[in-house]
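Heads up: the structure comes next, in structure tokens.
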Amino acid sequence: MTGHSIRKRIVALCFTLLTLLGLTTVLSGTAAAGPCSTGGKVVQVEPRGPVANSTPVLFVHGINAGADTWNQPEGVYPADKAQKAGEAYRPGKGSFPARVAHLARVTAWTYDYYAAQPEWVTDRRIGPALADAINCLARATGHKVVVVGHSMGGLATQYAASRSDGRSDSKTWQNIAEVITIGTPTVGSQLITALQTGTDLLSISRHPVLMTLDAVLSFCAGYDLTHEDDICNAFTALRSPQGRALRYRSAEIGKLPPWPKELPVRAIAGDIRFTLPRGPFDVAPPPEVGIGDIAVTLDSATAYANMTGKPQVLTCRPSGWKVLESGCNHVYIKTDPVVMETVIKQIERIRGTQPVKPVPTNPCPTRAELKTAVTRTLQAPSEVHLGDSKCYPGWSAVIWGDTPATDSVITTVFTRTAGRLKLATHLVPVMEDDHDPDWVRDCGRLRGMKPPARLLEFTGCPATAQQPTTTTIDGAAALGLIQRHNFSTTVTAQEITRMTGPLRAVQAACVGSANGNCVSVFFFYGNRYVGQATGSGQLRLASQNGTEAVLTRPIFKDTDPTCCPSGGTETHRVRWGGSAVVASPSLPYFEPADEPL
Amino acid sequence: MRKTLLFLGLTLVAAFGIGYLALRDDQPPRPPDNGKPPGAPSLPYKSGGPLPAQAADIAQDLASSDAATQRAALTPELDHALEAGRLLPEGTRIDLSEDSWHEANGYANAQATLTKPGKPAQHVLMGFAKRSTGWRITVVEVLK
């Protein structure tokens with residue numbers, strides 16, 4: 001074998017070893033990401049069962065932690081136990097989420113917002129992103145989510161529950177089967193308040209709980225358990241800006257949206273009953289004091305439970321420094337065997353019983369979508385300020401105006417197919433100064449599209465065209481009315497009676513008009529006088545057929561003499577709009593009326 | 001080629017040996033550094049350091065012959081919460097453990113051997129809180 005070939009073999013061997021090393025590193029670090037994973041935040045826990053048709057259980061960690069906090073083995077003194085058994089400590093073996101993942105037809109997931117620490121739950125990477133995760137899991141599995149929130153994870157869930165589900169008018173809580181909070185500081189933490197207040201102020205209060213916390217915090221200095229996740233590490237985080245929001249009855253907690261009353265919330269809390277060690281002293285120690293789970297007092301952790309009975313309280317009586325290792329303390333309680341059993345029982349009870357409603361294939365538009373759709377229909381730029389809106393199967397309608405507080409509003413009606421909006425019609429009250437030819441209240445046209453009755457009701461259009469009680473007209477009475485208005489016409493009473501109705505128009509001239517340019521057209525619907533179109537000159541009734549009348553009007557330029565318009569002719573088509581005369585384009589001078597003849 | 005490989009191998013071994021000799025800690029072996037006296041139970045604490053002078057004085061005040069001085073060594077709220085009376089009998093001796101001081105976030109602890117007259121020595125864990133007037137004792141636990 002030559003030296004050259006040996007060198008080649010050595011290089012090849014090194015390359016292979018390095019490649020294997022690299023591959024191993026990459027593969028071991030790959031998260032078991034599920035369908036709702038966004039940036040690695042939502043991870044399905046092994047064993048990864050089928051997602052579809054499973055009941056998802058989402059574990060949400062608390063302050064100063066990540067999703068690996070759930071890897072803590074069950075029970076107290078986890079590292080000591082493992083070492084006594086001669087085993088190496090293996091995070092993740094028998095973890096809480098893994099036990100849940102083993103349940104039939106259940107998938108377990110962790111939500112990790114470590115990257116957003118130390119922000120408050122309102123940060124978009126915490127509460128809002130958690131809402132997205134919950135909604136995504138519900139859609140992916142077809143079942144509502146069971147959320148298990150430890151510590152601040154419960155508050156993040158409270159915030160997320162009130163968020164929109166992102167697809168419809170529903171909220172995230174409607175995709176949650178039950179929330180289980182463990183050691184959640186529902187009204188804040190007295191310990192955090194104490195830590196942030198300063199130890200000298202503690203001496204002023206002389207509260208027994210705070211005195212006991214002094215002893216516990218003394219024990220924490222230099223405390224060094226193998227597992228990183230211990231109660232003393234949690235205390236370090238409590239001094240952070242995030243910790244400020246968790247002060248007892250803080251403003252931040254007060255501003256959180258309340259839990260929806262339809263959402264079951266189960267509270268689990270630790271209650272350490274601690275007696276200060278007597279020590280070597282010849283005097284008796286103070287009486288036993290309840291310090292909750294140390295980080296969260298009992299009143300806060302049990303402040304809210306809904307539809308799930310009384311909060312579950314685990315009571316422990318550790319002695320001395322071993323309070324740091326108590327299974328009831330804030331860190332260890334989440335993997336206490338009793339707690340895990342409770343949660344698993346609830347999951348088994350809920351499993352398969354709460355499918356989510358299928359996402360509508362033709363969802364109602366959001367208000368933003370309505371605004372965009374209305375704006376798209378405008379022929380000229382205009383502001384769009386939305387008012388009330390309604391959504392019906394296949395239809396949407398919205399009232400809007402071009403200023404926030406206008407009385408001049410428009411109702412725009414859309415048909416809706418697969419979530420896409422298509423303009424059906426705009427409806428506006430007829431206004432004398434409205435020159436836009438397309439925006440005319442036309443209930444007849446809308447009715448012709450056969451919308452739901454409730455939509456018609458919303459728009460103010462009558463369900464059926466208002467038919468005159470009679471289609472006949474008293475021609476003599478009509479003529480008399482015209483004359484009473486100081487107009488005269490060449491049309492006789494008999495001719496009026498014989499006109500095809502129900503809509504009839506009669507052109508008349510002012511009495512005493514010298515040049516014949518003072519012209520009005522009187523409109524009658526059935527046996528009622530319904531309005532008068534006047535013109536500054538040469539308004540003419542061109543034709544009519546009982547449902548539509550056509551008027552022409554010459555257009556005068558600014559320099560035209562009154563005799564001789566040179567701006568062309570405008571044609572107006574006049575119909576009955578259900579409750580009033582409507583013209584397209586609108587007539588410049590129209591006096592509506594509603595008088596029986 | 002064999003000579004080359006042999007030379008490389010010897011070079012590596014020599015380099016390792018030189019590195020070890022250069023970087024090793026020359027200090028003599030030290031006892032487990034959690035400050036406990038020999039035979040005392042093991043506590044899950046990191047290596048500690050020497051007590052600050054004021055804290056050491058306060059710890060010794062517990063063994064003062066004056067009952068009021070003993071009480072003054074405690075935080076006011078602990079003093080207030082304990083029954084009235086002398087904390088420790090006259091003649092009590094407190095031997096602070098070297099390098100047992102741990103301090104974090106305004107709190108601390110240390111270990112000591114406490115011997116009351118005529119009684120067996122007790123290994124104790126003492127807790128401290130930093131107040132504006134200096135360190136004060138928050139708790140004393142006898143370790144079993």
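When only residues in the stretch A:216-232 that are assigned to a loop (DSSP other than H, G, I, E, B) and at pLDDT 85 or above count, which is nearest to the other protein chains (Cβ to nearest Cβ)?
My answer is A:GLY222.
For A:THR547, state whether it is in contact with a strand residue (DSSP E or B) (Cβ under 8 Å, 6 or more places away or on another chain) and either in contact (Cβ under 8 Å) with a residue 12 or more places away in the chain or within 28 Å of A:CYS443 (Cβ to Cβ) (or both).
yes
Any idea which of A:PRO285, A:PRO337, A:PRO393 is outside the structural domain of A:ALA65 (by TED's automatic domain parsing) and surrounded by fewer than 18 Cβ atoms within 10 Å (Cβ to Cβ)?
A:PRO393
Here are A:THR490, A:THR417: which of them is modelled with pLDDT of 85 or more, loosely packed, with under 14 Cβ neighbours inside 10 Å and closer than 20 Å to A:LEU541 by Cα?
Answer to the selection: A:THR490.
Is one or more of the residues making up the stretch A:240-256 surrounded by fewer than 22 Cβ atoms within 10 Å (Cβ to Cβ), in contact with a helix residue (DSSP H, G or I) (Cβ under 6 Å, 6 or more places away or on another chain) and either assigned to a helix (DSSP H, G or I) or within 14 Å of another protein chain (Cβ to nearest Cβ) (or both)?
Looking through the stretch A:240-256, at least one residue is surrounded by fewer than 22 Cβ atoms within 10 Å (Cβ to Cβ), in contact with a helix residue (DSSP H, G or I) (Cβ under 6 Å, 6 or more places away or on another chain) and either assigned to a helix (DSSP H, G or I) or within 14 Å of another protein chain (Cβ to nearest Cβ) (or both).
Can you pull out every residue in the stretch A:235-262 that is more than 22 Å from A:ASP123 (Cβ to Cβ) and touching a residue at least 60 places away in the same chain (Cβ under 8 Å)?
A:PHE235, A:GLU262
So, in the stretch A:260-284, how many residues would count as being within 14 Å of chain B (Cβ to nearest Cβ), within 15 Å of A:VAL216 (Cα to Cα) and of a type outside the set (A, V, I, L, M)?
Summing the residues that are within 14 Å of chain B (Cβ to nearest Cβ), within 15 Å of A:VAL216 (Cα to Cα) and of a type outside the set (A, V, I, L, M) in the stretch A:260-284 gives 5.
How many residues does the stretch B:96-144 hold that are at the interface with chain A (Cβ under 7 Å from one of its Cβ atoms) and among the β-branched types (Val, Ile, Thr)?
5
Would you mind stating whether A:LYS310 is under 33 Å from the mean Cα position of the chain (by Cα) and either without any contact (Cβ under 8 Å) to a residue 60 or more places away in the chain or within 14 Å of chain B (Cβ to nearest Cβ) (or both)? Outline the logic, then answer.
On the way: under 33 Å from the mean Cα position of the chain (by Cα): yes; either without any contact (Cβ under 8 Å) to a residue 60 or more places away in the chain or within 14 Å of chain B (Cβ to nearest Cβ) (or both): yes.
In short, yes.
Within the stretch A:540-567, how many residues turn out to be at pLDDT 85 or above, part of a loop (DSSP other than H, G, I, E, B) and more than 52 Å from the chain's Cα centre (by Cα)?
Final tally of qualifying residues: 1.
Modelled with pLDDT under 75, more than 14 Å from chain B (Cβ to nearest Cβ) and surrounded by fewer than 22 Cβ atoms within 10 Å (Cβ to Cβ) - does that describe any residue in the stretch A:186-205?
no
Residues being away from chain B (no Cβ under 14 Å), in a loop (DSSP other than H, G, I, E, B) and out of contact with any helix residue (DSSP H, G or I) (no Cβ under 9 Å at 6 or more places or on another chain): count how many of those fall in the stretch A:285-307.
Residues meeting the conditions: 4.
The values are calculated or read from the model by the stated rules, or taken from the named source; none is laboratory data. Everything numeric here is computed off the predicted structure, so don't read it as measured data. Every residue, glycine as well, gets a Cβ built from its backbone with ideal geometry; the counts of neighbours run over all protein chains shown.
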